[in-house]
Amino acid sequence: MIHFDDVSKTYPDDSTALEEVSFVIEPKEFVSIVGHSGAGKTTLLKMFLGEEKPTKGKIFYEGVDISTLNKKEMDLFRRKIGVVFQDFRLIPNKNVYENIAFAMEAAGRTDEEIEADVPHVLDLVDLGKKIWNFPNELSGGEKQRVSIARAIVNQPDVIIADEPTGNLDPLNTFDIVQILKKINDLGTTVILTTHNKGVIDSLKKRVITMENGRIIRDDQQGKYVI
Amino acid sequence: MFWIKVKRIIRAGFFSFWRNGFISLSSILVMIVTLFVIGSVIFSSVVLKTTLDQLRDKVDINVYFITSAKEDDILAMKKNLEQLPEVLPPVEYVSREDELANFKKRHENDQFTLQALEELGENPLGATLNIKAKDPSNYESIARYIDSKTSEAVSNSIIDKVNYYQNKDAIDRLTKIINSANSLGLILTLFLVAISILITFNTIRLVIYMSRDEISVMRLVGASDRYIRGPFFVAGAIYGFLSAIVTLLIFYPVTLWLGGATANFFVGLNIFNYYTENFGEIFLIIVGSGVLIGSISSYLAVRKYLRV
């Protein structure tokens, strides 16, 4: 499904973010990517989302080289991927309903679908009661659940979660991981990057470990070993 | 789908305008200044133009004919003159009798002069033609044309004298003043308008800078460029529209207050009357520039953050 083929990224000032990275992710997999800050995790995700282009190598999604996509195809491709960020990135002047509805509007869904799906997906992340609140009225954990709801509402093929628990306390962290697991059980591929040893050890799923832009381990039932 | 998108874009534009209350307010204030400058430029150019027109209207060439000139010949000359491209028709013809009546009226309190006139027995005054040019710079060529007519038939010329050469200095100076006032006004206008547009553009860029995270999120959920830009474009247009309305409201008391002063100072032009009489046109110009400046600034400013 996702194939990184010998991908390297060098910035104009000669600093290397990624070096000869190759791996394959199958459909319905739950993959965690771990490593210190600056190991290249975020760069890797950005390249998959087409925000940055590799200096060398190719990235394939369902057999298509994503560097060959034009602007419009890139928009369509991004609609198949849900993204969750460490800093939530909710739109501050839209309420919870509108934040989620926006992603559906962008994907060209009808008003009826939006009215039906938004409350449903909020129930899924247990936020049905906060539907008309604005982001500044929510706790960190709630914000992250809105952000997950937004990521899954278009039923994407892949969910990318970039340090989703980085700003949360242990209890909220546990909740978020449970939600991600549930999403994965329902058949969506999940790619998670994290620092959190506890999260990785409790998941018992595939772990890719990175250091200085290289993959140093790739274990099917991994643990956090750095 | 197209109309659903348009509806969503307009709705989102309204919401972002309303919910960013303070930012919207400050952008509107800046835009009001811009539109006020544009409006003042309109008014001052009108004042300048009327003043210059009135001055220009006071300038003309008078051709004095000898007393024995036949009326038919004079009228023929009047017709010739009116056909010249430089001359602003109609050329005014004042007959000998009218000239005498005017003279008597001018001197009705001057018994001595009237008595002298009476003693002469006949009308000593010749008829005149008063010629206005389309442009002050044309007087010279008109005068030359009349001169050529005079020398053509030296023996039986009917022209007594042409007063252009006595007025030449004044006419030349006025031409220069009018021309330089026009070009100076134009430069000043362009300069002021350019500065105020730049300030507005910068303010709106700042507003959109604060929304850069929002734009990047929109980008990542796969919204198309047009769909992201749309609401900013709409909000910009709303800024422009509201600022224009406020500006027009401000002009009402301002012109009312200045109206009397301008009517006295610039003979007869009351800018309050001008404002109310030409309200439709001024409304279109101010609202049009407001909406254009607001929406185009937003459109350009968002472009920077779309390169994700």
Exercise for the section: Counting only GluC sites (Glu not before Pro) that are in a DSSP loop and have at most 10 other C-beta atoms within 10 Å, tell me the longest site-free stretch of chain B. Expected result: B:123-308
Completion exercise
From fewest to most C-beta neighbours within 10 Å, the residues B:Thr113, A:Thr165 line up as B:Thr113, A:Thr165
Problem - Angle in degrees between helix B:139-152 and the longest Cα principal axis of chain B, rounded to the nearest 10 - result: 30 degrees
Practice task
For chain A, calculate the relative contact order in percent as a whole number, restricting contacts to Cα pairs under 8 Å that are 6 or more residues apart.
Solution key: 28 percent
Completion exercise
Long-range amide H partners of A:Ser8, meaning residues 5 or more apart or on another chain whose placed amide H is closer than 5 Å, are A:Glu20, A:Val21, A:Thr55, A:Lys56, A:Gly57
Exercise for the section: Please work out the FRET efficiency for the pair B:Asp53 and A:Glu115, using the Cβ-Cβ distance as r and a Förster radius of 56 Å; give the result to the nearest 0.05. Expected result: 0.30
Practice task
In whole Hz, with x marking every Gly and Pro, tabulate ³J(HN,Hα) for the range B:81-90 from phi via Karplus 6.51 cos²θ - 1.76 cosθ + 1.60, θ = phi - 60°.
Solution key: 4, 5, 7, 5, x, 7, 8, 8, x, x
Fill in the blank from the handout: Per the helix-only model, the protein assembly as shown has a calculated mean residue ellipticity at 222 nm (DSSP H runs of ≥4, -39500 (n - 2.57) each, divided over all residues, rounded to the nearest 500) of -19500 deg cm²/dmol
Handout entry: Approximate spin-label separation B:Asn102-A:Val225, in nm, with each point projected 7 Å along Cα-to-Cβ
Key = 11.5 nm
Handout entry: Positive-end residue of B:Gly21, B:Ile215, B:Val162, charge dipole of chain B with Cβ unit charges
Key = B:Ile215
Problem - Gaussian network model of chain B, Cα within-10 Å springs - most flexible of B:Leu284, B:Leu117, B:Leu292 - result: B:Leu117
Fill in the blank from the handout: Mean separation of Cα contacts under 8 Å (at least 6 apart) over the residue count of chain B, i.e. the relative contact order in percent, is 29 percent
Practice task
Please find, in a Gaussian network model of chain B (springs between Cα atoms separated by less than 10 Å), the residue of B:Leu48, B:Leu174, B:Leu125 whose mean-square fluctuation is greatest.
Solution key: B:Leu125
Practice task
With springs only between Cα atoms under 10 Å apart, run a GNM on chain A and tell me which of A:Leu76, A:Leu171, A:Leu180 wobbles the most.
Solution key: A:Leu171
Fill in the blank from the handout: Footprinting proxy, B:Ser95, B:Ser196, A:Ser15: sorted fewest to most Cβ within 10 Å, the residues are A:Ser15, B:Ser95, B:Ser196
Exercise for the section: Work out how much length B:Arg303 to B:Asp169 would gain on full extension: take 0.36 nm times their residue separation and subtract the Cα-Cα distance, in nm to one decimal. Expected result: 42.5 nm
Practice task
Compute the Rg to Rh ratio over the protein assembly as shown from the alpha carbon atoms, using the Kirkwood formula for Rh, and round to two decimal places.
Solution key: 1.33
Handout entry: Karplus (6.51, -1.76, 1.60) ³J(HN,Hα), θ = phi - 60°, over the range A:52-66, in Hz, Gly and Pro reported as x
Key = 9, 9, x, 6, 9, x, 9, 10, 10, 10, 6, x, 9, 6, 6
Completion exercise
Given the candidates A:Pro119, A:Pro27, B:Ile146, the one whose Cα lies deepest towards the positive end of the charge dipole of the protein assembly as shown, counting +1 at each Lys or Arg C-beta and -1 at each Asp or Glu C-beta, is A:Pro27
Exercise for the section: Find, to one decimal place in angstroms, the Kirkwood hydrodynamic radius of the range B:163-308, where the mean of 1/r is taken over every pair of different Cα atoms and then inverted. Expected result: 18.9 Å
Practice task
Please give the FRET efficiency for B:Phe283 paired with A:Lys56, using the beta carbon to beta carbon distance and R0 = 60 Å, rounded to the nearest 0.05.
Solution key: 0.50
Fill in the blank from the handout: Using the Cα gyration tensor of the range B:179-247, the equivalent ellipsoid's semi-axes, largest first and to the nearest Å, work out to 35, 13, 10
Fill in the blank from the handout: Answer check: the range A:1-157, Cα atoms, Kirkwood Rh, Rg/Rh ratio of 1.01
Exercise for the section: Could I get the Rg over Rh figure for chain B? Both from C-alpha atoms, Rh via Kirkwood, rounded to two places. Expected result: 1.26
Fill in the blank from the handout: Surpassing 22 Å at the alpha-carbon level, of the pairs A:Lys129/A:Lys205; A:Lys9/A:Lys41; B:Lys78/B:Lys104; A:Lys58/A:Lys223; A:Lys28/A:Lys204; B:Lys105/B:Lys134, are A:Lys129/A:Lys205; B:Lys78/B:Lys104; A:Lys58/A:Lys223; B:Lys105/B:Lys134
Practice task
For the range A:21-36, take each phi angle, set θ = phi - 60°, evaluate the Karplus expression 6.51 cos²θ - 1.76 cosθ + 1.60, and give the result in whole Hz per residue in order, putting x for glycine and proline.
Solution key: 8, 9, 6, 10, 10, 8, x, 6, 7, 10, 10, 9, 10, 10, x, 5
Fill in the blank from the handout: If the chain between B:Gln83 and B:Phe14 were fully extended at 0.36 nm per residue, the gain over the current Cα-Cα distance would be 18.8 nm
Exercise for the section: First measure r as the distance between the Cβ atoms of B:Leu190 and B:Asn130, then evaluate 1/(1 + (r/R0)^6) with R0 = 45 Å and state the FRET efficiency to the nearest 0.05. Expected result: 0.75
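No value in this document is a laboratory result; all are computed from the given coordinates. The structure displayed is predicted, hence computed values, not measured ones. We place every Cβ from the backbone using ideal geometry, glycine too, and count neighbours over all the protein chains shown.
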